[in-house]
Structures are given as C-alpha cells and as structure tokens.
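The values are calculated or read from the model by the stated rules, or taken from the named source; none is laboratory data. All values reported here derive from a predicted model rather than from experimental measurement. A quick note on method: Cβ atoms are made from the backbone with ideal geometry, for glycine too, and the neighbour counts reach across all protein chains shown.
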Ligand code: A2P
C-alpha cells in the first residue's frame, strides 16, 4: 500500500483531499502525512477515527512517500514537487505550476486517464477547476460530434480562491447586509467601497466580478488562458478555438459554465442527450417544467458536496446546426480539484 502525503493539508482543497482519501477508502500505508507551513505545524487534523499532526514541509518529510498530493499554491509546488519526485514520490499537483509542461500529463480521470501513466518528471498535473468541470461534460459530446470551438463564460465560486476567498465573501456579506437595503439600493459605489477587498479585486459580496485571477496577455486573465490552453491539452486538440470569459460570483462552492460548443458534425439536442447518457462522472439535469417535464437544471449551490458534474439547459443553437448551448456545474473543490486528484492517485496506485 502506498505511503501518502498531502501538501497543503490545512487548505480548502487539502481538507477535501483528506476527506476523499478516507471516504473512498484509498489504501494508505499507516497514516497519511499532513504537510503545511510552519504556521500550522503541531496542530492536529482528523484522519478516519483518529487525528494526524501537521508537519512543516521539508525535504526530509518526503522520504519513503509514494504518492504526494499537492495543493499549497503554485510557488510551493514549483519549489517542492521536484524535491518530492526526486525522493521517489509520484506527485499529483493541483497547482498551475506544471500543467502546460510537455513532460507533465494533465489528467481528468474520466477524460484522459491513460495519460497519467506517462510522467517523465514523476509529476501528474490536476487541471484548473473550471476547465475540469467543463471537460467532463464536453468529452462525450466531442467523441460523438468532433469539437471545434468553445465559447465559455464561467461563474466561479469564491471558494476557488481557497479558504481565504470563502472567508472574504462571508465577512463582506455580513457587513453589507448590516449596511442595510437602502444603501445597497441607492449608493452601490459606497457599499462596494466600504468593504475590505484583499483576496478579490473588488467587493465580491452581493456582486459579480468580471475578473478571476490576474490580467495577462491580450487583456485576458490567467484563468481565461488556463481554460484555453488546458482544454486543448486535455482533449489533445491543439487547434481548438476557445473564447473564454471568467467571472467571479458570490457563491461559496460550485463553479458554473455557460458554454456554446461547436462541432464538425451537425448536432441535435436529441443526439446530444444520447451521447451524454451514461457518461462517467456526469448527471444530466435538464427539464423546462412544461408539458409534464420536471423543472430541472443544475445550480452551483446544489452541486456543493456532490462528486458528479451536472449538465442542463441543453439547447440547439438558434442559427448554427453544428452548435449546442449547455450549462455545466460542478463542485470546484471536489471534481474541480480534490476528487480528481484522488482519482489520479487511484489510477497510479492501481498500476
Ligand atoms: P497553512 O494553513 O499552514 O498556511 P488555501 O488554498 O485554502 O488558501 O490553502 C493553502 C494551503 O497551502 C494551506 O494548507 C497552507 O498551509 C499551505 N501553505 C501556504 N504557504 C505554505 C508554505 N510556505 N509552505 C507549506 N505550505 C504552505
């Protein structure tokens, strides 16, 4: 049985990684190793019926580790993932540090599981949460109709920025609600300016920010570039056209993506539903509430805590017989991060 370490065990994704390892009965030799910063060293966190003490990350910590799950931010991964790999561990890295490295596979367990076996650096990358959620729903449609273009607008939860993002959303919300309905209705700029915005660029509470991550090339954000580059790599479609807009919304956990998918083959709603039926890790929730149908479409709030990606609002494009519009939702901490990392670890443990 593998000896397992979790780097960033105290964080939002690390917490889910610990839960997923236990819930899925991942075979772990002894107790897993919980690693974080000096700040958390000496504190204890649950593992099954007991607790495990958190240790500060160090080169010695990786000795004897077979699988190391990393979610402590890109700079920690850049520094420590090669150290862990040199010590003999296979690293499953949730940061963006190695995702576009040609010698590092980028794996969604339902989409390209075989890629995990070819890892010259001993590192497997876990995709960006928004891309991951979109890929689970897109792959079966790509297999059936041949994907050529994606126009995607994301609605990303505050929890995508870690525990501190969730705290900032909740604290700002409490402050704005205390300011009262009249201020919110008549002087929004004052309300927006009245809260401390540290994790996000402006007030995220009761608001929508057309800005996830940092601004980068061509006036797109790094989060938008991830959606383009990572989709191409995961689907092995280097020429795939992707038009991304990533938006932060005041949701604790659960990312949504409104996507217009264009295919080489003509596509109908009926054929799309047939292609999606039984797709791994995916649930179709799609009904208008008319003609006896249930009203069914996924929401981020209801996706929180669920393993599956959910897809609804499946519609033929109004002008183009090769395009579909869909609304895809998934728990960004689970399938968007920790669950997929543990599923990759399961693929590695089964080799
Ligand atoms: P710590 O709690 O000790 O700061 P999140 O994504 O929720 O913000 O979590 C980030 C994770 O990365 C936490 O587990 C955090 O540990 C860990 N981390 C942050 N800085 C370091 C560091 N310098 N060395 C090791 N782990 C770190």
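Here are a few things to note about the model shown:
- Any hit, the range 96-107, residues being over 25 Å from residue 161 (Cβ atoms), in a helix (DSSP H, G or I) and either more than 13 Å from the ligand (Cβ to nearest atom) or over 18 Å from the mean Cα position of the chain (by Cα) (or both): no
- Whenever a residue of the range 70-98 is within 19 Å of residue 222 (Cβ to Cβ), it has no partner that is surrounded by fewer than 24 Cβ atoms within 10 Å (Cβ to Cβ) and modelled with pLDDT under 95 lying with C-beta atoms less than 7 angstrom away and at least six residues away or across chains.
- Out of 168, 110, one residue alone is under 23 Å from residue 298 (Cα atoms) and not assigned by TED's automatic domain parsing to the domain that holds residue 311. It is 110.
- Reported count of residues in the range 317-351, each being surrounded by fewer than 20 Cβ atoms within 10 Å (Cβ to Cβ), in contact with a helix residue (DSSP H, G or I) (Cβ under 9 Å, 6 or more places away or on another chain) and farther than 17 Å from residue 112 by Cβ, is 1.
- Matching residues in the range 133-161 - criterion: being within 16 Å of the ligand (Cβ to nearest atom) and either surrounded by 24 or more Cβ atoms within 10 Å (Cβ to Cβ) or closer than 21 Å to residue 108 by Cβ (or both): 156, 157, 158, 159, 160
- Selection over the range 264-294 of residues that are more than 30 Å from residue 339 (Cα to Cα) and either part of a loop (DSSP other than H, G, I, E, B) or modelled with pLDDT under 95 (or both) gives a count of 10.
- Within the option set 113, 105, being touching a residue at least 12 places away in the same chain (Cβ under 8 Å) and surrounded by fewer than 18 Cβ atoms within 10 Å (Cβ to Cβ) holds for one residue only, 113.
- Hits in the range 196-233 (condition: without any contact (Cβ under 8 Å) to a residue 24 or more places away in the chain, farther than 21 Å from residue 250 by Cα and not in a loop (DSSP other than H, G, I, E, B)): 217, 218, 219, 225, 228, 232
- Only one of the listed residues (86, 25, 49) is more than 16 Å from the ligand (Cβ to nearest atom), on the phi > 0 side of the Ramachandran plot, surrounded by fewer than 19 Cβ atoms within 10 Å (Cβ to Cβ) and more than 19 Å from the chain's Cα centre (by Cα). That residue is 25.
- Counting the residues of the range 29-42 that are near the ligand (Cβ under 10 Å from one of its atoms) and either surrounded by 13 or more Cβ atoms within 10 Å (Cβ to Cβ) or part of a strand (DSSP E or B) (or both) gives 6.
- Residue in the range 53-75 that is within 10 Å of the ligand (Cβ to nearest atom), assigned to a helix (DSSP H, G or I) and exposed (fewer than 15 other Cβ atoms within 10 Å of the Cβ) present: yes
- Flag if residue 13 is buried (at least 17 other Cβ atoms within 10 Å of the Cβ), closer than 22 Å to residue 167 by Cα and within 15 Å of the ligand (Cβ to nearest atom): yes
- Residue match in the range 89-106 (condition: within 13 Å of residue 35 (Cα to Cα) and at pLDDT 95 or above): no
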